[in-house]
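Quick note: the coordinates plus some simple rules give every number you see, no bench work behind them. All values derive from a computational prediction rather than experimental measurement. Methodologically, a virtual Cβ is constructed for each residue, glycine included, from the backbone with ideal geometry; neighbour enumeration extends over all protein chains shown.
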Amino acid sequence: MSLLRMEDVSIRFGGLLAVYNVNLSVQPGEIHSLIGPNGAGKSTIFNLITGIYKPSEGHIYFDEKRIEGKKPYHIAALGIARTFQNIHLFNDLTVLDNVLIGAHTSGKWDLTGSLLKFTPWVRSDERKLKFLAMESLEAMELTDKTNELAKNLPYGEQRRLEIARALAVKPKLLLLDEPAAGMNPHEKQVLMEMVKIIRGKGITIFLVEHDMKFVMGISDQIAVLDYGVKIAEGLSEEIRTNPKVIEAYLGKGAVH
Amino acid sequence: MVEMMQNLIDQIDPYTLQILMNIGIAIIMALGLNLITGVTGQLSLGHAAFMSIGAFTSAILSIHYNLPFSLNLLVAGLTAAFIGALIGFPILRLTGDYLAIATLGFAEILKVIFLNLNITNKALGLSVPPPNTDIPMPFVIFFVALVTIIFMSFIHNSRFGRSLMAIREDEIAAEAMGINATRYKLQAFAVGSFLAGVGGGLYAHVIAYINPSDFGFMKSIDILNMVVLGGLGSIPGAILGASVLASAPEFLRFMQQYRMLVYGALLVFLMVFRPNGLLGGVNFTRLVLKIIGKNKPARAAK
């Protein structure tokens with residue numbers, strides 16, 4: 001039984017068919033990668049899964065429940081967390097606040113909770129969120145930065161903070177949109193270890209990435225997208241030698 | 001107790017007292033708008049409209065029904081909050097400039113409605129009877145302002161407040177974290193309108209005469225100025241901004257007709273040298289921690 005399944009999903013923006021009849025399934029516990037040239041529709045697929053776009057056709061199932069067309073906050077509450085290709089942190093808030101906001105769905109007190117701030121119920125709720133937040137900061141090795149403003153962190157740490165914030169959602173499925181973009185080789189190596197540790201905690205990972213070394217290094221399954229169509233899927237060795245994939249990346253005539 | 005308060009008030013000259021009351025009301029208004037514009041990031045140019053709803057509700061209640069003043073203020077606030085939520089539901093889907101224009105339009109429409117209703121006495125306005133309470137007005141105002149300040153600081157450090165700030169910082173990311181942005185914006189708008197309504201009720205009874213034209217565009221801009229001057233999103237900032245701008249016309253009175261000129265110039269200078277407002281970007285908790293040398297990372301809660 002798959003954790004995430006896309007069935008014949010298409011989306012049209014006016015006349016442009018950005019994603020066409022894509023079938024994908026992510027099994028629980030695996031690291032699944034989605035690769036493809038620029039503009040292939042990878043981020044669009046993430047936006048379809050997280051409810052930012054609604055598919056024109058097809059269905060998306062998470063835990064065997066249909067989620068297409070649901071609101072992003074609803075989908076997050078179901079257990080899908082994500083990071084963004086171009087970092088979307090809460091810049092003027094502290095690192096801790098960023099992660100506390102990530103833990104939002106685990107709390108329950110709203111406006112009335114502000115009025116009852118010093119009652120034991122609200123305080124235990126806050127403690128729970130704080131615990132979750134610190135736990136995910138620890139996983140991303142950011143505990144010594146809790147009081148820094150997010151915008152003051154170096155680039156690599158900002159990327160890690162985004163992952164920490166997504167972990168605080170307590171997701172079953174974590175979507176990483178180009179997590180290694182702009183990182184140096186050492187940072188990439190560290191990130192790769194961290195992603196493996198996250199998977200070890202039982203969180204399924206679905207990621208989009210350009211860096212082939214990174215993808216080949218950690219993926220259980222790789223799907224390849226080109227012009228909105230899935231052209232290949234399989235283990236890293238199969239993908240590396242697949243003529244269609246080579247053609248998509250290097251052009252016709254590259255295979256001999 | 002009441003006599004003690006009255007004695008205390010008799011010691012202060014009425015002119016100073018009037019300024020202090022204006023400051024108190026300004027603080028309540030500014031903190032309400034600060035929640036909407038400063039914390040949640042939704043630019044509203046119609047805050048005075050909610051003030052007018054509160055002012056007229058409160059005045060009409062005082063004229064026709066002899067409710068205790070606390071209940072009167074509560075009804076005024078709730079009416080403003082209710083209409084705020086009703087209006088907010090369609091317009092909070094807009095963002096930025098569009099939202100600003102929609103709130104501005106709403107405020108103008110409401111002014112015209114009040115200018116034509118019999119119950120608000122049309123353009124003649126209403127004379128408001130004294131409030132039905134033994135406690136002197138200045139104390140009522142200071143008490144409400146104090147409660148507002150405490151409540152706002154509670155909001156800032158809560159799950160609710162963090163959600164609002166997340167929406168201000170990045171709405172898409174906030175929704176991806178499970179925050180229902182529309183619902184939280186609506187709640188912030190309702191709370192801000194509630195405070196404007198309460199502030200309006202107090203204003204009506206202090207001034208003793210209200211007219212729909214008192215709550216025009218300029219009034220909304222005045223309140224916005226207080227929030228921006230102090231620093232968007234900062235509670236001490238909103239208090240400072242409200243205090244400075246509510247008393248500025250009095251301090252600048254010696255310049256007679258030139259005072260608006262100076263007032264405008266001051267605002268321009270401020271925006272050039274301190275674009276984030278006087279206290280914008282100053283985190284007081286962190287400042288205090290730094291001063292006493294305890295700016296260490298927080299430890300994991302047990």
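Helix-only mean residue ellipticity at 222 nm, chain B, DSSP H runs n ≥ 4 weighted -39,500 (n - 2.57), per residue, nearest 500. What is it?
Details: 13 runs with 210 residues, N = 302.
After summing the helix terms and dividing by the residues of chain B, the value is -23000 deg cm²/dmol.
Can you give me the relative contact order of chain A as a percent, contacts being Cα pairs under 8 Å and 6 or more apart?
Details: 477 pairs, mean separation 67.0, N = 256.
Normalised by residue count, the contact order of chain A is 26 percent.
Simple spin-label model, 7 Å along Cα-to-Cβ: B:LEU94 to A:LYS213 in nm?
The answer from the label model is 5.2 nm.
Okay, helix-only estimate at 222 nm for chain A: each DSSP H run of n ≥ 4 adds -39500 (n - 2.57), divide by all residues, round to 500 deg cm²/dmol; what do you get?
Details: 10 runs with 98 residues, N = 256.
The helix contribution divided over chain A gives -11000 deg cm²/dmol.
Pull out a ≥ b ≥ c, the square roots of the eigenvalues of the alpha-carbon gyration tensor of segment B:180-274, then state rounded if a/c is under 1.5, prolate if not and a/b is larger than b/c, and oblate in the remaining case. Intermediate values should be presented prior to the final figure.
On the way: a/c = 2.34, a/b = 1.28, b/c = 1.82.
It is oblate, given that a/c is not under 1.5 and a/b is not larger than b/c.
By the scheme Lys and Arg +1, Asp and Glu -1, what is the net charge of all other residues having a beta-carbon under 15 Å from that of B:MET29?
On the way: positive: B:LYS219; negative: B:ASP214, B:ASP222.
Neighbourhood net charge equals -1.
Over segment B:15-224, calculate the relative contact order: mean separation of alpha carbon pairs under 8 Å at least 6 apart, over the residue count, as a percent. Spell out each step's value before the answer.
On the way: 329 pairs, mean separation 99.3, N = 210.
RCO, segment B:15-224: 47 percent.
About the Cα centre of chain B, how large is the charge dipole given +1 on each Lys and Arg Cβ and -1 on each Asp and Glu Cβ? Please answer in debye to the nearest 20.
Values: 18 positive and 13 negative charges, 222 e Å.
With only Lys, Arg, Asp and Glu charged at Cβ, the dipole is about 1060 debye.
Once the Cα atoms of helix A:120-139 and of chain A are each reduced to a long axis, what angle between those two axes, in degrees from 0 to 90 to the nearest 10, is obtained?
In chain A, helix A:120-139 runs at an angle near 40 degrees to the longest axis.
List the pairs from A:LYS65/A:LYS188; A:LYS128/A:LYS172; A:LYS70/A:LYS117; A:LYS188/B:LYS290; A:LYS54/A:LYS201 whose alpha-carbon separation is above 25 Å, in the order I gave them.
Table pairs above 25 Å Cα-Cα are A:LYS65/A:LYS188; A:LYS70/A:LYS117; A:LYS188/B:LYS290; A:LYS54/A:LYS201.
What does the net charge come to around A:LYS201 if you take all other residues with beta carbon closer than 13 Å to its beta carbon, with K and R at +1 and D and E at -1?
Numbers: positive: A:LYS170, A:LYS172, A:LYS196, A:ARG199; negative: A:GLU135, A:GLU138.
Once all neighbours under 13 Å are counted, the net charge is +2.
Can you sort A:ARG5, A:ARG159, B:ARG253, A:ARG66 from fewest to most other Cβ atoms within 10 Å of each residue's own Cβ?
Values: A:ARG5 19, A:ARG159 24, B:ARG253 9, A:ARG66 12.
The fewest-first ordering by Cβ neighbours comes to B:ARG253, A:ARG66, A:ARG5, A:ARG159.
Charges on Cβ only, +1 for Lys and Arg, -1 for Asp and Glu, centred on the Cα centroid of chain A; of A:LEU149, A:TYR20, A:PRO185, which one is farthest towards the dipole's positive end?
Farthest towards the positive pole: A:LEU149.
What dipole magnitude, in Debye to the nearest 20, does segment A:45-188 give about its Cα centre under +1 on Lys/Arg Cβ and -1 on Asp/Glu Cβ? Could the numbers behind the result be given before it?
Working: 20 positive and 19 negative charges, 95 e Å.
Charge dipole of segment A:45-188: 460 debye, to the nearest 20.
In degrees from 0 to 90, rounded to the nearest 10, what is the angle of the helix B:137-156 Cα long axis to the longest principal axis of chain B?
With both axes taken from Cα atoms, the answer is about 20 degrees.
Looking at the protein assembly as shown, send over the antiparallel percent of its DSSP beta bridges, to the nearest 5.
For the protein assembly as shown, the DSSP antiparallel bridge percentage is about 60.
For the protein assembly as shown, build the charge dipole from Cβ charges (+1 Lys, Arg; -1 Asp, Glu) around the Cα centre, then report which of B:ASN7, B:VAL244, A:LEU225 sits farthest towards its positive end.
The one lying farthest along the dipole's positive direction is B:ASN7.
Which percentage, to the nearest 5, of the DSSP beta bridges contained in chain A is antiparallel? All intermediate terms of the calculation are to be shown ahead of the outcome.
Working: 20 of 36 bridges.
Here the antiparallel bridges make up roughly 55 percent for chain A.
Going by Cα centres, segment A:1-63 and segment B:184-207 are how many Å apart?
46
What is the dipole size for the protein assembly as shown, taken about its Cα centre, with +1 at each Lys and Arg Cβ and -1 at each Asp and Glu Cβ, in debye to the nearest 20? List each step's numbers first, then the result.
Numbers: 49 positive and 44 negative charges, 95 e Å.
Value, rounded to 20: 460 debye.
Post the alpha-carbon centroid distance, segment B:32-55 to segment B:92-108, in whole angstrom.
Cα centres, segment B:32-55 to segment B:92-108: 11 Å.
For segment B:199-229, list residues with backbone N below 17 Å from a point placed 7 Å from the Cα of B:VAL282 toward its Cβ?
B:226-229
Just want the answer: with Cβ charges of +1 for Lys and Arg and -1 for Asp and Glu, which residue in B:VAL206, B:LEU267, A:LEU161 is farthest toward the dipole's positive end in the protein assembly as shown?
A:LEU161
If you project the alpha carbons of segment A:89-170 onto the principal axes, what extent comes out on each, in Å, largest first?
39, 22, 19
Give me the net charge of A:ASP177's neighbourhood, meaning all other residues with Cβ under 12 Å from the Cβ of A:ASP177; Lys, Arg count +1, Asp, Glu -1.
Working: positive: A:LYS42, A:ARG82, A:ARG159; negative: A:GLU162, A:GLU178, A:GLU209.
Result for the local shell: 0.
Please turn the phi angles of segment A:228-242 into ³J(HN,Hα) values with the Karplus equation 6.51 cos²θ - 1.76 cosθ + 1.60 (θ = phi - 60°), one per residue in order, whole Hz, x for glycine and proline.
Along segment A:228-242, the couplings run x, 10, 6, 9, 6, 7, x, 6, 4, 5, 5, 5, 4, 9, 5 Hz.
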